[in-house]
1. Please arrange H350, H382 by how many other C-beta atoms lie within 10 Å of their C-beta, fewest to most.
2. Arranged by the count of other C-beta atoms within 10 angstrom, fewest first, what order do V238, V96 take?
3. Quick check: residue separation of R308 and R143 times 0.36 nm, minus the Cα distance between them. What number comes out in nm?
4. Quick check on packing: order 141-150, 48-57 by the mean number of other C-beta atoms within 10 Å, highest mean leading.
5. Please give the calculated 222 nm ellipticity per residue for the chain, where each DSSP H segment of at least 4 residues contributes -39500 (n - 2.57) and the sum is spread over every residue; nearest 500 deg cm²/dmol?
6. Could the peptides 195-201, 285-291, 267-273 be put in order, highest first, of the mean number of other beta-carbon atoms found within 10 Å of their residues?
7. Go through V81, S252, H188 and say which Cα lies farthest out towards the positive end of the charge dipole of the chain; charges sit on Cβ, +1 for Lys and Arg, -1 for Asp and Glu.
8. Could you please report the charge total around W291, scoring K, R as +1 and D, E as -1 over all other residues with beta-carbon less than 14 angstrom from its beta-carbon?
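Each value in this text was obtained by applying a stated rule to the coordinates, not by laboratory testing. Worth saying up front: this structure is predicted, and the values here are computed from it rather than measured. Please note: Cβ atoms are built from the backbone with ideal geometry, for glycine as well, and neighbour counts cover all protein chains shown.
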Amino acid sequence: MDTEPAVTAAPPAAAGRQGLPEPLGAGFLARPEETLAEIRETCPVARIRTPGGRPAWLVTRAEDVRAGFLDPRLSLSGGRVPDPGVRRRALDVTLVNYDPPDHTRIRRLATPALTPARMAAHRERIERAAGELLDAADAARGRGPVELMDAFARPFAFRSLCEVFEVREGERAALYEPVALLADKTGHSARAVEESVARIDAFVRGEMARREAAPGEDVVSRVLAAWHEQGGASEDEVASLLAMLLLAGFDSTVQAIGMSVAALLGHPDVQDSLRKEPGRIPRAVDELLRWDTPGPFSTKRVALEDVRFGDTVIPAGSGVLLSVAAANHDPRCHADPGTLDPDRRSAGRHLSFGLGPHYCPGSALARLELTVALTVVLGRWHHLEPAVPLDELAWGGGYLHRRLAALPVLPDGPA
Ligand code: HEM
């Protein structure tokens with residue numbers, strides 16, 4: 001196999017340190033698909049420097065991104081094998097740092113706990129949570145705007161997680177603090193982060209003990225049942241897996257709710273049509289996930305060998321980012337990708353949950369939360385407008401996980 005790339009990538013952006021282009025700069029967080037479309041159409045496998053200063057290869061065509069997710073030579077562990085003798089705390093085992101076979105033996109404990117059928121069993125309580133939060137938002141606003149991230153997206157995503165984990169009422173407020181801090185560490189000290197990890201660790205181990213004594217239908221009980229049946233993981237690994245489910249399940253969904261509502265604010269016709277026919281919302285959820293996603297890229301992979309995409313060979317040892325957002329807007333996969341079409345037939349082919357062995361195990365819960373959130377918001381408010389121009393929304397986070405800081409909306413009375 002070639003060791004040098006046949007195409008030396010030069011996406012259209014100013015050359016940065018050591019001559020590599022740095023295309024993921026200012027403006028990227030607000031509209032990643034624009035930058036990524038330019039790269040995809042001019043240099044589909046591009047060598048760049050990330051905002052963190054590291055060189056990486058960007059893969060942007062849908063076909064290549066799909067192949068990349070399925071290619072075992074693109075490793076998440078970088079070839080490291082975990083030492084089972086090492087004691088692990090919350091977040092030491094993050095699944096996205098493991099490759100098969102270690103990845104497989106741990107992940108299979110989680111998947112049966114998170115199937116669409118298991119998640120649907122919690123739907124009623126999740127719907128009730130959404131209704132109560134909008135009642136509170138309506139009571140607090142008078143006729144003024146509602147900041148939807150604080151009033152709804154964050155508490156709703158957290159309460160949904162609490163419902164599927166069946167967290168006791170009295171423990172929820174204390175759990176929210178470390179979950180929210182770890183989701184956005186901005187402005188927090190290393191010590192505060194450490195303390196939050198320790199609190200989540202203690203919470204998860206307490207829940208494991210409680211559910212060993214009195215199993216239920218919740219996620220912890222289901223993971224423990226799979227563990228007792230299949231074995232193959234240490235207690236520390238199970239605790240760490242549960243902590244990861246809690247954390248990975250929070251901000252990604254918060255942001256997906258915010259971004260979906262923002263998309264509907266920018267497309268009042270789609271908003272109205274879904275309000276009139278809420279039965280179309282589940283399919284629209286996939287189109288909204290295609291349209292915008294918190295994670296424009298996969299977690300970074302490392303090429304264990306030379307890997308060829310079309311004419312380009314990514315050399316062994318390189319960091320590789322598979323661009324989900326570029327693939328979701330690739331006209332070779334989705335016709336007229338710049339149109340938000342809630343009935344799009346190809347919508348389910350979006351890659352916002354990844355693909356292959358690391359495909360998001362929380363996708364059923366995320367889809368349920370988005371469906372309930374949009375159904376309840378559109379049903380409650382018969383008209384929804386942005387309270388600030390959409391191109392002035394403040395974006396934070398980073399190029400791997402974008403975050404909508406606030407989403408002020410003006411609801412026009414109950415429907
Ligand atoms: C709309 C919301 C969500 C989005 C956009 C999302 C996206 C993703 C993506 C793209 C991956 C694959 C990463 C890669 O291969 O590089 C992933 C993995 C993961 N997600 Fe989600 N996710 C969401 C919600 C959730 C929820 C609700 C949970 C848990 C309840 C969750 C738990 C996880 C876990 C544990 C992994 C790692 C899986 C593995 O490595 O095998 N996610 N997610």
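1. H382, H350
2. Working: V238 23, V96 16.
The fewest-first ordering by Cβ neighbours comes to V96, V238.
3. On the way: separation 165, 0.36 × 165 = 59.40 nm, distance 5.75 nm.
The span from R308 to R143 would gain 53.7 nm if fully extended.
4. Details: 141-150: 15.2, 48-57: 17.1.
By packing density, highest mean first, the sequence is 48-57, 141-150.
5. Numbers: 15 runs with 189 residues, N = 415.
Value at 222 nm, helices only, nearest 500: -14500 deg cm²/dmol.
6. Values: 195-201: 19.0, 285-291: 25.6, 267-273: 15.9.
So the order, starting with the most tightly packed, is 285-291, 195-201, 267-273.
7. V81
8. Numbers: positive: R31, R283, R290, R344, R349, R402; negative: E33, E34, D286, E287, D292, D330, D336, D341, D343.
Around W291, the surrounding residues sum to -3.
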